[in-house]
Amino acid sequence: MFTPPDRAQTRRDTVDSEGYERYFGLVESPFALTPNPRFLFKSRSITEALEHVTRALKRREALIVVTGDAGTGKTLLCRLVLQQLEPRTFVCVITNPLLTRDDLIRQLLTDFGVVSGQPGRPEQASGHDLVRTLQQFLASLDSLRAHAVIMIDEAQHLQPEVLEQIRLLSNFETDRSKLLQIILVGQPELDRLLGTPALRQLEQRISRRYQLQPLGASEVRQYIERRLWIAHGGPDGLHDGREHTFWRVQFTAAAMRAVTSLSGGLPRVINILCDRALEVAYKRRKKSIDAAEVLSAAELLRFPTSLKLKLASYRAIAAAALTIVTAGGVFATGLLHSRSAPARDTAAPSTPGPALDPASQSDRAKLDAVPPNATALAGASAINAHPAIAPLVAVESFTVVAASFRTPERAAALAARATELGLPAFTRIVAGPWHQVVVGPYVSRDEAQTAQKQLDAARIMDTHVVSMPPGAE
């Protein structure tokens, strides 16, 4: 017996198979976990860590330690450090710290090109012979004005005997400089491990330490905006010549705050959460991502329930408080009008006056405003009294309008210049149609003005800061 297809189910299957990239006009996934260098975002913490490590390498310091929670960007930092190394540098990168003392020396000799990676004599050599061969090789680098660097990721998993071998390797030196520089990268457990009495001598040799920090609230916004811009085809914004490629995916301010709270500012968690939120918005056929989509994504990912419920309850309480304020204001207005409005048959005919500009209308509205009754004041106090609710109810944001152009190509070129400055720039179509270049949004006017100064310094003149009222994003 023939059964007609379920059209609703067919549409759902189509939605699931297409993916959200095409729906949002993206050329690639903006929040993939693969370390694509095109999506590089140098946060304040990553930039400072890179400066510390680069300075230590130039000064030929022997032992550097970098720690950070999972997802803070330690692997990204390692890649950036490798890109900064001088040409005459022999490098060994160890990503599997579960090795023995002899395995460590064998990998060093193999990565430095001293021995072949094929099975043979290195496996049969004694530990003493391996160390002597490595020392001879490192000593030969001094006359060549070259040096060697070993970088160990996930170093908190190193065995004590391997850490002791690393201490001995840090002693290799000439009268002028160290022969081997060692960078240990790991989670905070590495600091606790190095602080044990058995490793006191190794800890004394650490010349520089840095701890990576999560992204701040403003950095989370910039991080998300940049990845969306790049995934949309930035910095040039042109891939197939169609105008719709300039349209941008929107995360509302409430969504940004939800992502910041749920992720704790960890880039890896931000990626997972935003990717799921885009899928949720796609299935709901929405063009922007609000806190509701972020919370649904958190539920799918089984994020900590208490935090998710807090955000949801704050939104519910805020909505109820706003309802009270609105109802109270309407009640007070109706009550006042019923008592003071003149009868229609005695009212003097009104004479049309000159049209008011928006500023004058605002002033007139303030003069004519009805004092709220006790119920409305109570509702307003409920909102202002809870610091966790207020940001979810009404937060003003700011953008910097750089310029407007007739053609999308010129707008995209200017947006690319702003993006190169590290600013979250995008284009949008306004009346005309004009293609407007916008930088932001920012959570404070000071941040927007700082971005404006960067644009001025880059000779992008005649910019102005625009205030966006709550809910306008």
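The values are calculated or read from the model by the stated rules, or taken from the named source; none is laboratory data. Please read all numbers here as calculations on a predicted model, not as lab measurements. Note: ideal-geometry Cβ built from the backbone for every residue, glycine included; neighbour counts use all protein chains shown.
When restricted to residues that are of a type in the set (Val, Ile, Thr) and modelled with pLDDT under 95, region 183-205 contains 1.
The residue that is farthest from Glu219 (Cα to Cα), counting only those in region 426-453 that are of a type in the set (A, V, I, L, M, F, W, C) and modelled with pLDDT of 85 or more, is Val437. The strands (runs of 3 or more DSSP E) located wholly in region 121-226 that include 2 or more residues which are surrounded by fewer than 20 Cβ atoms within 10 Å (Cβ to Cβ) occupy 206-211. Ser177 meets all of the listed conditions (1) hydroxyl-bearing (Ser, Thr, Tyr); (2) in contact (Cβ under 8 Å) with a residue 40 or more places away in the chain; (3) out of contact with any helix residue (DSSP H, G or I) (no Cβ under 8 Å at 6 or more places or on another chain) but one, namely (3). Checked against (1) assigned to a helix (DSSP H, G or I); (2) without any contact (Cβ under 8 Å) to a residue 40 or more places away in the chain; (3) surrounded by fewer than 24 Cβ atoms within 10 Å (Cβ to Cβ), Val259 meets all criteria but (3). For region 40-55, the set of residues classified as part of a helix (DSSP H, G or I) and surrounded by 18 or more Cβ atoms within 10 Å (Cβ to Cβ) consists of Ser45, Ile46, Ala49, Leu50, Val53, listed by residue number. Listed by first and then second residue, the pairs linking a residue in region 139-167 that is at positive phi to a residue that is modelled with pLDDT of 95 or more and surrounded by fewer than 17 Cβ atoms within 10 Å (Cβ to Cβ), with Cβ atoms under 8 Å apart and 6 or more places separating them unless they lie on different chains, form an empty list.
Scanning region 79-93 for residues that are surrounded by fewer than 20 Cβ atoms within 10 Å (Cβ to Cβ) and either under 27 Å from the mean Cα position of the chain (by Cα) or small (Gly, Ala, Ser) (or both) turns up Arg79, Leu80, Leu82, Gln83, Gln84, Leu85, Val93.
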